[in-house]
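Read the figures in this text as sums done on the coordinates, not as results from a lab. Treat the numbers as computed from the prediction; the structure is a model and nothing was measured. Here the Cβ positions follow ideal geometry from the backbone for every residue, glycine too, while neighbour counts run over all protein chains shown.
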Amino acid sequence: MTYKITIPFTLPGTNQYVGENRRNKYKGNKTKRDIESMLALIFNAELRGVTLKTPVTLDYLWVEKNRRRDKDNIAFAQKFIQDALVKSGKLSNDGWAEVEGFSHKFTVDKKYPRVEVEITEVLE
């Protein structure tokens, strides 16, 4: 089974997250918790009644408003997404046994930056 989830906003990249941690160690932790809580709400709404069967693959489409951020900086946010899937109870863990792999694609849409995540349960 494949599920497609749209996160209707962009997420902090590596540089922003590292900067917050350098300014104040508690700020970075609060940012991570806040983002995971927002994402968990989205996952609970989009995947109502679903517990993902593992292993899964995750295919990310990162839609940015421009090309200012480097792709590796953007893709860092997969950490927030995968941790939020666990926090929301949709995924039992995000380790090797549960996540078979992931892919990243990038594009630009000035009017509607977002993140699209396609989660596919891998049938063994």
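Tabulated data for the structure shown
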{"read-out": "Counted residues, the range 1-50 - those being closer than 21 Å to residue 71 by Cβ and small (Gly, Ala, Ser)", "value": "2"}
{"read-out": "Criterion (surrounded by fewer than 16 Cβ atoms within 10 Å (Cβ to Cβ) and either closer than 18 Å to residue 42 by Cβ or touching a Pro at 6+ places or on another chain (Cβ under 7 Å) (or both)) met by exactly one of 115, 122", "value": "122"}
{"read-out": "Leading residue by the ranking (surrounded by the most Cβ atoms within 10 Å (Cβ to Cβ)) among those in the range 17-41 that are charged (D, E, K, R) and within 15 Å of residue 77 (Cβ to Cβ)", "value": "36"}
{"read-out": "Considering residues of the range 51-86 that are charged (D, E, K, R) and buried (at least 16 other Cβ atoms within 10 Å of the Cβ) only, the residue farthest from residue 113 (Cα to Cα)", "value": "83"}
